[in-house]
Amino acid sequence: MFVARHRNPPGRHRTMAPPSTKAAWLAASMAGAAVAAVGSGVSTTAGTATAASASETALTGVSPAPAEAPDGGQGVISAAIARDRVTTIIAASRAKREELRPRWVRPGTGVLSSCFCSRWGTFHYGVDLAAPYGSPIYAAGDGVVIEAGTAQGFGEWIAVQHANGDVSVYGHEYKLLVHTGERVQAGQLIALVGSEGESTGPHLHFEVRIGGIDGQRIDPIPWLSARGVAI
Ligand SMILES: [Zn+2]
């Protein structure tokens, strides 16, 4: 195994063999070709490898490493083994990404411009995040879009039901990027900020409804805070 590190030392590549060893290389190549031709089931590639190995023996006087090196060697692994390893690596990387991705995120990029509180003589059942037209709106958590379209007062809206039954609502969008029935992940871009419906400027109106679309509307700030998200 030790000699494997010296299979192709600089300046001694087999195609650069000096004239004195060229005859030996040629003989070895022919021997390899003969093996390939005679041995049933021995492929041309194997024959070539045999020829190459023989030529290295002729050049260095030592036997080369076996063509198949299981691990850490400098040999060759088959295409099937390579495919298996690539598949394993991709699966591991996917699992890692899934493990590390956030489960809850801030649904918008803007600044808090309205609280879950009374204003202008009525109660405001969500929080507003003021942001320029076209700013991103993200799904706060994993879930399924149970409504996406127009709604009274909201202009356009999206409602996402989460695993525990709670529903997050996003209103006044300029553009919706998901449709009803679609699965979404925390942080997925689902819409762009607008000022549709009852609105005085571009912002995201964000609500949380406990246990379903018709559930009690609560202050989203502690709900998000309990999930590690600050508004
Ligand atoms: Zn609002």
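The values are calculated or read from the model by the stated rules, or taken from the named source; none is laboratory data. The structure displayed is predicted, hence computed values, not measured ones. FYI the Cβ positions are ideal-geometry reconstructions off the backbone, even for glycines, and counts take in every protein chain you see. Calculation scope for accessible area: heavy atoms of the full protein, side chains included, ligands and nucleic acids excluded. Shrake-Rupley method; radii C 1.70, N 1.55, O 1.52, S 1.80 Å.
Quick look at the numbers
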read-out: Condition met for F154 (buried (at least 16 other Cβ atoms within 10 Å of the Cβ) and either closer than 15 Å to E207 by Cα or out of contact with any strand residue (DSSP E or B) (no Cβ under 9 Å at 6 or more places or on another chain) (or both)); value: yes
read-out: Count - residues of the range 203-230 that are surrounded by 16 or more Cβ atoms within 10 Å (Cβ to Cβ) and away from the ligand (no atom under 12 Å from the Cβ); value: 8
read-out: Residues located in the range 170-184, provided they are away from the ligand (no atom under 16 Å from the Cβ) and open to solvent by less than 10 Å² (accessible area, probe 1.4 Å); value: V184
read-out: Residue within the range 86-104 that is in a strand (DSSP E or B), under 26 Å from G201 (Cβ atoms) and either of a type in the set (D, E, K, R) or within 23 Å of the chain's Cα centre (by Cα) (or both) present; value: no
read-out: Failed condition for F154, given (1) at pLDDT below 95; (2) more than 16 Å from the ligand (Cβ to nearest atom); value: (2)
read-out: Verdict on G187 being more than 16 Å from the ligand (Cβ to nearest atom), on the phi > 0 side of the Ramachandran plot and either in the same structural domain as H124 (by TED's automatic domain parsing) or touching a residue at least 60 places away in the same chain (Cβ under 8 Å) (or both); value: yes
read-out: Residue in the range 83-101 that is surrounded by 11 or more Cβ atoms within 10 Å (Cβ to Cβ) and under 20 Å from L189 (Cβ atoms) present; value: yes
read-out: Answer from Y170, Y174, Y133 - the residue that is hydroxyl-bearing (S, T, Y), part of a loop (DSSP other than H, G, I, E, B) and touching a residue at least 24 places away in the same chain (Cβ under 8 Å); value: Y133
read-out: Of all residues making up the range 159-176, the number that are of a type outside the set (A, V, I, L, M) and under 16 Å from L192 (Cβ atoms); value: 6
read-out: Which numbered condition E196 misses (of (1) surrounded by fewer than 20 Cβ atoms within 10 Å (Cβ to Cβ); (2) assigned to a strand (DSSP E or B); (3) of a type in the set (D, E, K, R); (4) within 16 Å of the ligand (Cβ to nearest atom)); value: (2)
